[in-house]
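> To start, I am sharing the structure in question, which I have written as structure tokens.
The values are calculated or read from the model by the stated rules, or taken from the named source; none is laboratory data. Nothing here was measured: the structure is a model prediction, and the numbers come from that model. Positions of Cβ are backbone-derived with ideal geometry, glycine not excepted, and every protein chain shown enters the neighbour counts. Protein only, heavy atoms only, side chains kept; ligands, DNA and RNA dropped before computing areas. Shrake-Rupley method; radii C 1.70, N 1.55, O 1.52, S 1.80 Å.
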Amino acid sequence: MRLDPACAEDVSECPPPRIGLRVAHAGLRRDLERALVSAGCRVFVLGTQVPHAEGLRLDALVGDPAAAAVDEAGAIDAAAAVEADACAVAVWPADANGPGRSDRVEVLSKPFSVADLERSLARVLEPSRPGRDRLDPVLASQDRALRAALLRARRLAEQGRSLVVEGELGVGRRALARAVHEWSDRADGPFVVLDRIELAAAHPDEACARIDEAWASAGIGTLVAIEPAEWTPAAQQALLARLRAGKGACLVTLVSEPLESSVERGRCARELADRLDVSRIRLPALRDRPMDQRAVCEAVARRVARRLGRETPELDDATIAEWADEGFPGNLLGVESRLRSALLREDVTQAAPLDVKRHAATEASLDLKRHAATEASLDLKSLERDTIVRALAHWQGNRTRASESLGISVRTLRNKIREYGLR
């Protein structure tokens, strides 16, 4: 898979997919348009003529299954489209005249979620445009140094080289690992992750078995090793044995500190570090990306809102400036945690410093699977306690890392642990 020549010199500037929307039902059309825009698409609402006749260059179409059944004059029967739309919405490539004339058609039965729509659209776009080469929005940057690092990562991926991605928690390391996989010739292979959590305290036999399984599963794909310096010695040796054997998956290693530092501290075997540390890419913290902070925060806001089934909040300059003054603790994870907490409050429109402008509700809503919280989950104290428990479990009791991922200070976390009796 290669980049579109139009964006070959800057992987962060690939154009958004151009989607034609052809739905007869006005309410459904508005909801689909809003969902597609929130997913980063450029949407064109089509009339009764085929899109090519309207002079538009489109990547895909979304609409009623009957909408593609055009007659010789290029018109559709709106009444028939509404009837056919009773149970489904179709997604198909713009180079096909209709679902019956293409093998790349996705049909979504209602109710379906925004995530379902995005996945179907991605599958339809994948063969016809370089959609897999587009960076995650959290890595889109105006910073020259970061853009140069991303271009270098792309070139290494195209050469099939293994690499190490350095950076703090929440700077987008996993997003870059996924991009490296998609840029490489291994993009059609598996993408397998070896997480620190499962290997930091695993029994030697279990660790070896897990690494062997992951290596075999990755095959001709990509294997991601997260913080190998924090694995048990047995797990490190198992990975080293696989690397000594030679051929296998391309390896992308994610670390929060340079491997040589881990070796000096006795946390990583020297030979393992030498074999892993072939090529290195470092991602800067969000506090060091002033030109990107608004765009990144907005991208995280869209993602959180979609997951919660809420309207996307609009962040004012004062909010972002306040977070920047604090140094964006936790980076993307810290921003995500704050936004999720604010959106889960019933009085979100009054919650400082987040300024949320609610959009007027439309009639005839899209039948999406709303991730509505139960009455019990709306107890903010219970929600906060559960979130802290998950963070501490994820970092195995490390309060510093847990506080960074939650976007709060260690002192605040310590007080919360005492308040909820989590000692």
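> Scan region 138-154 and tell me whether some residue there is free of Cβ contacts under 8 Å to residues at least 60 places away in the same chain and either more than 23 Å from Gly327 (Cβ to Cβ) or open to solvent by 30 Å² or more (accessible area, probe 1.4 Å) (or both). First the steps, then the outcome.
Filtering region 138-154 for residues free of Cβ contacts under 8 Å to residues at least 60 places away in the same chain gives 144, 148.
If we keep only those that are either more than 23 Å from Gly327 (Cβ to Cβ) or open to solvent by 30 Å² or more (accessible area, probe 1.4 Å) (or both) as well, we get 144, 148.
There is at least one residue in region 138-154 that is free of Cβ contacts under 8 Å to residues at least 60 places away in the same chain and either more than 23 Å from Gly327 (Cβ to Cβ) or open to solvent by 30 Å² or more (accessible area, probe 1.4 Å) (or both).
> Within the group Ala149, Ala216, Ala202, Ala157, which residue is assigned to a helix (DSSP H, G or I), farther than 18 Å from Cys250 by Cβ and not polar (S, T, N, Q)? Reasoning before the result, please.
Numbers: Ala216 fails: farther than 18 Å from Cys250 by Cβ; Ala202 fails: assigned to a helix (DSSP H, G or I); Ala157 fails: farther than 18 Å from Cys250 by Cβ.
That would be Ala149, the only listed residue that is assigned to a helix (DSSP H, G or I), farther than 18 Å from Cys250 by Cβ and not polar (S, T, N, Q).
> Then there is this: When residues of region 403-421 are filtered for being surrounded by 15 or more Cβ atoms within 10 Å (Cβ to Cβ), under 29 Å from the mean Cα position of the chain (by Cα) and assigned to a loop (DSSP other than H, G, I, E, B), how many remain?
Here the count works out to 2.
> Let me ask something additional. Which of the residues belonging to region 189-211 are open to solvent by 30 Å² or more (accessible area, probe 1.4 Å), of a type outside the set (A, V, I, L, M) and over 13 Å from Ala157 (Cβ atoms)?
Pro190, Asp195, Glu198, His203, Pro204, Asp205, Glu206, Cys208, Arg210
> Considering region 304-337 alone, what residues qualify as being among the β-branched types (Val, Ile, Thr), more than 16 Å from Leu169 (Cα to Cα) and assigned to a helix (DSSP H, G or I)?
Matches in region 304-337: Val304, Thr319, Ile320.
> Sticking with this one: Taking helices (runs of 4 or more DSSP H) that do not extend beyond region 22-136, which have at least 3 residues that are in contact with a strand residue (DSSP E or B) (Cβ under 7 Å, 6 or more places away or on another chain) and either at pLDDT 50 or above or surrounded by fewer than 16 Cβ atoms within 10 Å (Cβ to Cβ) (or both)?
26-38, 114-125
> Follow-up. Would you confirm whether or not region 235-245 contains a residue that is out of contact with any His (no Cβ under 8 Å at 6 or more places or on another chain), under 26 Å from Asp136 (Cβ atoms) and charged (D, E, K, R)?
No.
> Report whether or not Arg186 is within 14 Å of Val224 (Cβ to Cβ), under 16 Å from the mean Cα position of the chain (by Cα) and open to solvent by 30 Å² or more (accessible area, probe 1.4 Å). Walk me through how you get there before you give the answer.
Working: within 14 Å of Val224 (Cβ to Cβ): yes; under 16 Å from the mean Cα position of the chain (by Cα): no; open to solvent by 30 Å² or more (accessible area, probe 1.4 Å): yes.
No: the conditions fail for Arg186.
> Any idea how many residues of region 338-362 are at pLDDT 50 or above and open to solvent by less than 20 Å² (accessible area, probe 1.4 Å)?
Residues in region 338-362 being at pLDDT 50 or above and open to solvent by less than 20 Å² (accessible area, probe 1.4 Å): 3 in total.
> I've got another one for you. In this structure, is Arg287 open to solvent by 40 Å² or more (accessible area, probe 1.4 Å), closer than 28 Å to Glu230 by Cβ and touching a Phe, Trp or Tyr at 6+ places or on another chain (Cβ under 9 Å)? First the steps, then the outcome.
Details: open to solvent by 40 Å² or more (accessible area, probe 1.4 Å): yes; closer than 28 Å to Glu230 by Cβ: yes; touching a Phe, Trp or Tyr at 6+ places or on another chain (Cβ under 9 Å): yes.
Here the answer is yes, as Arg287 does meet what is asked.
> Just for region 319-335: of the residues that are touching a residue at least 24 places away in the same chain (Cβ under 8 Å) and within 13 Å of Ile408 (Cβ to Cβ), which one is nearest to the chain's Cα centre (by Cα)?
Across region 319-335, the extreme among qualifying residues is Leu333.
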